[in-house]
Each structure stands twice: as structure tokens, then as C-alpha cells.
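Engineer: Okay, handing you the structure first.
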Amino acid sequence: MFQRILILSASAGAGHVRAAEAIEKAIIQMSAAREVRHVDTLDYTNRVFRNLYSKAYLEMVNSAPDVLGWLYDYLDQPWKNERRRLALDRLNTRPFVKLLEQYQPEMTICTHFLPAEIISWLKAKRRLASRQAIVVTDFDIHAMWLCHHYEQYFVALDETRVHLEKLGIPPEKITVSGIPIDPVFAELKDKRMMRDKHALKADRTTILVSAGGFGVGSIEHVIKSLLELRHAAQVVAIAGRNEELRERLQALGCGLPPESQVDVRVVGYTTEMDEYMAAADFMLGKPGGLTTSEALAKGLVLVIVNPIPGQEERNSDHLLEEGVAIRCNNLPALAHKIDRLLDDPQRLAVMRENVSSMARPRAACEIVSRLLSLRA
């Protein structure tokens, strides 16, 4: 058992925070530490820097994804410009450094590269004795995740492990764990029971759409494209806390003709995402590392729509190569692509087998178990 574990995320997108929360829950369930604390690193930076990391990132996702993709590729140069980047990060993270030096954790677990870089520097200067674990939250690894002082990397795929080894990371310091997700996604829940619980039809192909993964306005186009499906289906659109979006989608679903082959069910904010995934057959959306890992854990074939250039493009490549996803870049052809898959039960069965092989529902617990073995 560890005395104090500090889990460090950054709220630049929701995935890093959700991964940290999953690890925190696993640590508590496994009684792996006397004290565990999760901190958003950006809470300990200045406001300008915090906005650059969070708000600017989200604005670029929605308004300039191609620029974001260019930046992703431009900065993906291993071990290059690290001193310049570290100098900038050190300048803007002084409150975070103070937190680390005061708290003195026995183990730090980073689900974002920003805290990992600062901790590596503090370890090099002998200002921090904490062991460091770095948990990569996408299927691929970017140069920004690389640092010099750490005890263990946790990655999603064997290919990512090989990539790290080629970049000089010792094999014994890399664990292929999968991306950590809330342990609730490892719980087996009967599909028919979940459909009954959430008032869904038992005999229809069910497509789960996470509306939060799309830019403003485009989700309606996705739903309208799905209305052209030949196969009887029900679309469950998760609108989250966006009440305006929920009302618009609700109006769209209510305006369907009686003879429509497709039903639309709109859900607002929910804490039962694992149950909606258990009720579904497909997950449609953008291939973020966390949502994708959750969907795989629940056995869902993925339908990828317009991934963001950069990490989502790379995630998409891995998912297509593993045979767990189809991809549609042109919404007018979306229904056709799904109908074509439903017309081929053998192909769909193979994809579901691939999903089962790729899923790592207990990744968070595997990470904690590995860290405990390092302490022994």
C-alpha cells in the first residue's frame, strides 16, 4: 500500500480527467493507498495559461480543426524543443510546483503530459522524490508525452509499446494496459434488461450517438442522415447538459412520419452511460480515447464520423486496422454504410469478435496492480 498517491490530470478536453477519475476509483476499490488525491493541474496555473490549454483547445476543435491537426503533427518531433517547452511550462506552473513540494506524494500518476514534464524536471533537480507513472490516454503516443524521469509508462497497444521502445524507453518501463476507464464499464449488464429499463425497443438495431462529440450544429445533420436507414433502428442521442441541443433534437425526433423505420430517443445529462452502451449495438461519434475504450468494453462496434485531425485521426487508423470500426467522412453516405454492414451478418460478427479482443475493461485496475508490484 502507498502512503500518498497524487493523480494529475488537465481539463483540456474531458478524457484526461475521466481517466484520472477511473484510476482514483480503482485505487479506492483496491485499497492501494492510505491517501489518494486527484488534482486538475490547470487549477494551479495562471489564468492566461489555463485558458490557452482548455478554452483555446476547445475553440480550435470546433472552429479550426485543420490548424489543430497541423500543430499536432508539427509538435510531434521526439526530444526536440523540450527545453523551450519546459521553460514555458515552468514559468506558468509555479503554484503547481509548490503543491508538489508541499504534498510530497509517494507516487504521482499523470494522465496528461503537462504535469509529467514538470515532475520529471523536479526529479532531475532532486526537489521531488516521488515515483512517477505516465498514463497515455490515446491509442497512439505523441512526442509531448516523452520525458526523462519516470518509473512506468502505461499505453493502450503493443504497437505503441514498440514505438516507445524505438524512442529509447526501456521495455521494462512500459506496460500495455489499455486506456483506464471507470470500472463500472467492466460490469456485465444484460442488453435486453437495459433496453427495458430505458424504455427502448427490444428488437431494433440501436445506435448510440454522443452529441457532445460534435461541433455546434452538425449533430442534426448526423441524425438526419441516420433517418435514411433501410433497416429498422433506434437512435439514442445523448445531448448532455446542452438543453438547447436537447430541445432541437427532440423536435427532430417528434417530427418523424409514422412510417419511419428509425426512432429517435433524446437523453440529456446522464450518469448511466454504461447502461446505454450495454443497450446499444453501435457507438457513433468521434474516436476520443476514453469514449472509444468505454464503447469497446461494452462490446460496441464503432462508427467513426469526421475525426479531428491529429490524435483522433491516429486513433481512427488503429481502430480501422483492428477491424472494430467503420468510418464515414461524408454524411450523405452514412446510412448506406451502416445498412451495408447490417446486410452482412458475417462481417458484423467478425467485427464484434475483434471488439472483444481489443477491449480492456479492467485497464484502471491493471494499472494499479502494476504500480503495487513496483512498490513491492
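Engineer: Do we find that Tyr74 is closer than 30 Å to Ser218 by Cα, over 21 Å from the mean Cα position of the chain (by Cα) and at pLDDT 80 or above in this structure? Please lay out each step first, then the result.
Structural biologist: On the way: closer than 30 Å to Ser218 by Cα: yes; over 21 Å from the mean Cα position of the chain (by Cα): yes; at pLDDT 80 or above: yes.
Yes; evaluated as a whole, the condition is true for this residue.
Engineer: Out of the helices (runs of 4 or more DSSP H) lying entirely within region 1-82, which hold 1 or more residues that are open to solvent by 50 Å² or more (accessible area, probe 1.4 Å) and under 22 Å from Pro287 (Cβ atoms)? Steps first, please.
Structural biologist: Working: elements: 15-29, 47-53, 55-63, 65-75.
Fully inside region 1-82 and qualifying: 15-29, 55-63, 65-75.
Matching residues to (1) in contact (Cβ under 8 Å) with a residue 60 or more places away in the chain; (2) open to solvent by 30 Å² or more (accessible area, probe 1.4 Å); (3) hydroxyl-bearing (Ser, Thr, Tyr):
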| site | (1), (2), (3) |
| --- | --- |
| Thr108 | yes, no, yes |
| Ala124 | no, yes, no |
| Arg127 | no, yes, no |
| His142 | yes, no, no |
| His148 | no, yes, no |
| Gln152 | yes, no, no |
| Ala156 | yes, no, no |
| His163 | no, yes, no |
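Engineer: If you don't mind, there's one more thing I want to ask. Taking Thr93, is it in contact with a strand residue (DSSP E or B) (Cβ under 8 Å, 6 or more places away or on another chain), under 19 Å from Ala10 (Cα atoms) and of a type in the set (S, T, N, Q)? Step through it out loud before you land on a result.
Structural biologist: Details: in contact with a strand residue (DSSP E or B) (Cβ under 8 Å, 6 or more places away or on another chain): no; under 19 Å from Ala10 (Cα atoms): yes; of a type in the set (S, T, N, Q): yes.
So Thr93 does not fit the description; no.
Engineer: Moving on to the next point. Picking from Ser316, Ser260, which residue would you name as being modelled with pLDDT of 95 or more and not hydrophobic (A, V, I, L, M, F, W, C)? Please lay out each step first, then the result.
Structural biologist: On the way: Ser260 fails: modelled with pLDDT of 95 or more.
One residue alone meets the criteria, Ser316.
Engineer: Something else about it: Under 8 Å by Cβ, and 6 or more places apart or on different chains, what pairs join a residue from region 295-310 that is basic (Lys, Arg) with one that is modelled with pLDDT of 90 or more and open to solvent by less than 20 Å² (accessible area, probe 1.4 Å)?
Structural biologist: From region 295-310, the pairs are Lys298/Phe185; Lys298/Asp274; Lys298/Met277; Lys298/Ala278; Lys298/Ala280.
Engineer: I'd like to know if region 338-355 contains one or more residues that are open to solvent by less than 50 Å² (accessible area, probe 1.4 Å) and closer than 22 Å to Ala22 by Cα.
Structural biologist: Yes, there is a match, as at least one residue in region 338-355 is open to solvent by less than 50 Å² (accessible area, probe 1.4 Å) and closer than 22 Å to Ala22 by Cα.
Engineer: Let me ask something additional. Please verify whether region 230-247 includes one or more residues that are free of Cβ contacts under 8 Å to residues at least 12 places away in the same chain and over 22 Å from the mean Cα position of the chain (by Cα). If you could, list the steps in order and put the result at the bottom.
Structural biologist: Step one: list which residues in region 230-247 are free of Cβ contacts under 8 Å to residues at least 12 places away in the same chain, which gives 244, 247.
Now restrict to residues that are over 22 Å from the mean Cα position of the chain (by Cα): 244, 247.
Checked against the condition, which is being free of Cβ contacts under 8 Å to residues at least 12 places away in the same chain and over 22 Å from the mean Cα position of the chain (by Cα), region 230-247 yields at least one hit.
Engineer: Let me ask something else. Taking Glu243 as the residue in question, decide whether it is surrounded by 18 or more Cβ atoms within 10 Å (Cβ to Cβ) and either closer than 28 Å to Asp182 by Cα or not hydroxyl-bearing (Ser, Thr, Tyr) (or both). Talk me through it step by step, then tell me what you get.
Structural biologist: Numbers: surrounded by 18 or more Cβ atoms within 10 Å (Cβ to Cβ): no; either closer than 28 Å to Asp182 by Cα or not hydroxyl-bearing (Ser, Thr, Tyr) (or both): yes.
No.
Engineer: Here is a further query. In region 49-70, is there at least one residue being in contact with a His (Cβ under 8 Å, 6 or more places away or on another chain) and at pLDDT below 95? Step through it out loud before you land on a result.
Structural biologist: In the first step, residues of region 49-70 are kept if they are in contact with a His (Cβ under 8 Å, 6 or more places away or on another chain); the result is none.
No - not one qualifying residue is present in region 49-70.
Engineer: Among the residues of region 174-198, write down those that are free of Cβ contacts under 8 Å to residues at least 40 places away in the same chain and in a strand (DSSP E or B). Explain how you work it out, then say what you get.
Structural biologist: Residues of region 174-198 that are free of Cβ contacts under 8 Å to residues at least 40 places away in the same chain, as a first pass: 174, 176, 188, 192-193, 196.
Hits for region 174-198 are Ile174, Val176.
Engineer: Is there a residue in region 280-295 that is among the acidic types (Asp, Glu), open to solvent by 10 Å² or more (accessible area, probe 1.4 Å) and in contact with a helix residue (DSSP H, G or I) (Cβ under 7 Å, 6 or more places away or on another chain)? Quick ask: steps written out before the conclusion?
Structural biologist: To start, the set of residues in region 280-295 that are among the acidic types (Asp, Glu) comprises 281, 294.
Filter again for open to solvent by 10 Å² or more (accessible area, probe 1.4 Å), leaving 281, 294.
This time we only want the ones that are in contact with a helix residue (DSSP H, G or I) (Cβ under 7 Å, 6 or more places away or on another chain), so: 294.
Among the residues of region 280-295, at least one is among the acidic types (Asp, Glu), open to solvent by 10 Å² or more (accessible area, probe 1.4 Å) and in contact with a helix residue (DSSP H, G or I) (Cβ under 7 Å, 6 or more places away or on another chain), which makes the answer yes.
Engineer: Right, another one. Given (1) open to solvent by less than 10 Å² (accessible area, probe 1.4 Å); (2) under 19 Å from the mean Cα position of the chain (by Cα), where does Leu334 come up short, assuming only one miss?
Structural biologist: (2)
Engineer: Could I ask something else about it? Take Leu122 and tell me if it is more than 25 Å from the chain's Cα centre (by Cα) and assigned to a helix (DSSP H, G or I).
Structural biologist: Working: more than 25 Å from the chain's Cα centre (by Cα): yes; assigned to a helix (DSSP H, G or I): yes.
Answer is yes for this residue.
Engineer: Still on this model: Taking the condition of being within 23 Å of Arg195 (Cα to Cα) and not in a loop (DSSP other than H, G, I, E, B), how many residues in region 225-246 meet it?
Structural biologist: The total comes to 10.
Engineer: Moving on to the next point. Among the residues in region 249-272, are any open to solvent by less than 30 Å² (accessible area, probe 1.4 Å), in a helix (DSSP H, G or I) and in contact (Cβ under 8 Å) with a residue 60 or more places away in the chain?
Structural biologist: No, region 249-272 has no match at all.
The values are calculated or read from the model by the stated rules, or taken from the named source; none is laboratory data. None of these values were measured; they are calculated from a predicted model. FYI the Cβ positions are ideal-geometry reconstructions off the backbone, even for glycines, and counts take in every protein chain you see. In case anyone asks, the SASA skips ligands and DNA or RNA and just uses the protein heavy atoms, side chains included. Shrake-Rupley method; radii C 1.70, N 1.55, O 1.52, S 1.80 Å.
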